[in-house]
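Trainee: For reference, the structure I am asking about is given below.
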Amino acid sequence: MDDAAECFEEILTRIHYHLTGIEDSENSACTQPHCITHRTFSADVIEEMICHCGGIFNRLNFRQTVSYVSANSIVSIKREKRGGKSGVENFNRVNAEEDLGANRLPLECQRTFGQMVRDAMDDDEDGHRRCPKVGCGGRVRLRRTLRRPTPDVLSIGLVWDTENPSADEIKAFMNLVDVSVLQKELFDKVADSSNGNFSRIKRDQNKEEEEEGKEEEEAERFNLTAIVCYYGKHYSTFLVDRRSTELWLSIDDSAIIEVGQWSDVVSKCVRGRYQPLLLVFARNRWTPLDRRTAPKCTWHPSVTTLKPRTITEFDRCSPRPTSARPNRRNSTQPNHF
């Protein structure tokens, strides 16, 4: 059921290879300024376990184009944050509250979708994660750090407990999705890659600080631009129309249909039991790519003989005669932009 997100990752990997000639895109630090995979989609992330005693354990540094999270955990976290003494009562009234809308809930119970995603990544219901430090044994939590330069696109892959969720399960999740998220909601820190200096993301600010940082916050806002869904052994995509940020389109094979506003997308997903698998959020302010070092053409390597090429070899591609049709099965045939 994760094929949509995995396919998305593979497409970005192949784009990286064709633009740079470097096969490994996940673990290698690509420095090519024209590589859209790493400059626009790839996030340099540090994950580590921290304890209240000051201990830091299991530090991992990796690049990712898609962050995976459990859709069911997000719904469970939302229910847990409702407040009240009885978890059963919260579970029973969650759908009724969502039908009324978030504005009817107390402010202390309202949580953004980005915050719920971040909490779901740190979900440890059974409390198995314990501090290994002698004499402590306290529960540890996951700390996520984003290293600069930060990507312009954040993609979230959704994992479900079942291949056939009910309409109620899809409704419970879709009603939680916000059309925008903030970078500070998904990560605890932002670090400079060059010197390793960390700048903690402030989660609690007074009104004066919020006014001063309003412009900077808008620069860190990511809008939901696409959602890939699965239904009936088939994939369908909902895409926001760039001409109007409030208009959504449904793309199903060759059929492109205007759906309407985001609320109409939610209704269509619930009625048709469209299971969301991939959410794509794009920054309001994009960073232009430096295309001066980009190759003039790319190659189609065969499946069995994959030969990475350097940028210099890419630049030696000769123009293709206009009268000749390219042989798609020939691995040495250049593909010009």
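Trainee: Failed condition for Thr20, given (1) within 25 Å of Lys189 (Cα to Cα); (2) surrounded by 18 or more Cβ atoms within 10 Å (Cβ to Cβ); (3) modelled with pLDDT of 50 or more, with all others met?
Mentor: Result: Thr20 fails condition (1) only.
Trainee: If I go through the stretch 257-292 residue by residue, how many of them are without any contact (Cβ under 8 Å) to a residue 40 or more places away in the chain, out of contact with any strand residue (DSSP E or B) (no Cβ under 6 Å at 6 or more places or on another chain) and not charged (D, E, K, R)?
Mentor: 5
The rows are residues; the columns are (1) surrounded by fewer than 17 Cβ atoms within 10 Å (Cβ to Cβ); (2) in a loop (DSSP other than H, G, I, E, B); (3) modelled with pLDDT under 75.
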| site | (1), (2), (3) |
| --- | --- |
| Cys7 | yes, no, no |
| Ser28 | yes, yes, yes |
| Gln32 | no, yes, no |
| Met49 | no, no, no |
| Asn95 | yes, no, yes |
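Trainee: For the stretch 40-72, enumerate the residues that are within 20 Å of Glu6 (Cβ to Cβ) and of a type in the set (Gly, Ala, Ser).
Mentor: Those that are within 20 Å of Glu6 (Cβ to Cβ) and of a type in the set (Gly, Ala, Ser): Ser42, Ala43, Ser67, Ser70, Ala71.
To keep it simple, each residue is scored yes or no on (1) buried (at least 16 other Cβ atoms within 10 Å of the Cβ); (2) at pLDDT below 90.
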position: Gly114; (1), (2): yes, no
position: Asp119; (1), (2): yes, no
position: Gly127; (1), (2): no, yes
position: Lys133; (1), (2): no, yes
position: Arg148; (1), (2): no, yes
position: Asp168; (1), (2): no, no
position: Phe173; (1), (2): yes, no
position: Val190; (1), (2): yes, yes
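Trainee: What about Leu289, is it at pLDDT 95 or above, within 30 Å of Ala219 (Cβ to Cβ) and either in contact with a Phe, Trp or Tyr (Cβ under 8 Å, 6 or more places away or on another chain) or of a type in the set (A, V, I, L, M) (or both)?
Mentor: Spelling it out, it is not the case that Leu289 is at pLDDT 95 or above, within 30 Å of Ala219 (Cβ to Cβ) and either in contact with a Phe, Trp or Tyr (Cβ under 8 Å, 6 or more places away or on another chain) or of a type in the set (A, V, I, L, M) (or both).
Trainee: Still on this model: Inside the stretch 219-262, can you point out the residues that are outside any strand (DSSP E or B) and either loosely packed, with under 11 Cβ neighbours inside 10 Å or under 18 Å from the mean Cα position of the chain (by Cα) (or both)?
Mentor: Matches in the stretch 219-262: Ala219, Glu220, Gly232, Lys233, Arg242, Arg243, Ser244, Glu246, Asp253, Ser254.
Trainee: Turning to a different aspect of this structure: The conditions are (1) open to solvent by 60 Å² or more (accessible area, probe 1.4 Å); (2) more than 23 Å from Phe113 (Cβ to Cβ), and Tyr68 fails exactly one of them. Which is it?
Mentor: (2)
The values are calculated or read from the model by the stated rules, or taken from the named source; none is laboratory data. None of the values given here were measured: they were computed from a predicted structure. Because the Cβ atoms are built from the backbone with ideal geometry, glycine has one as well, and the counts that use them run over all protein chains shown. To get the accessible areas, we keep the full protein, side chains included, count just its heavy atoms, and leave off ligands, DNA and RNA. Shrake-Rupley method; radii C 1.70, N 1.55, O 1.52, S 1.80 Å.
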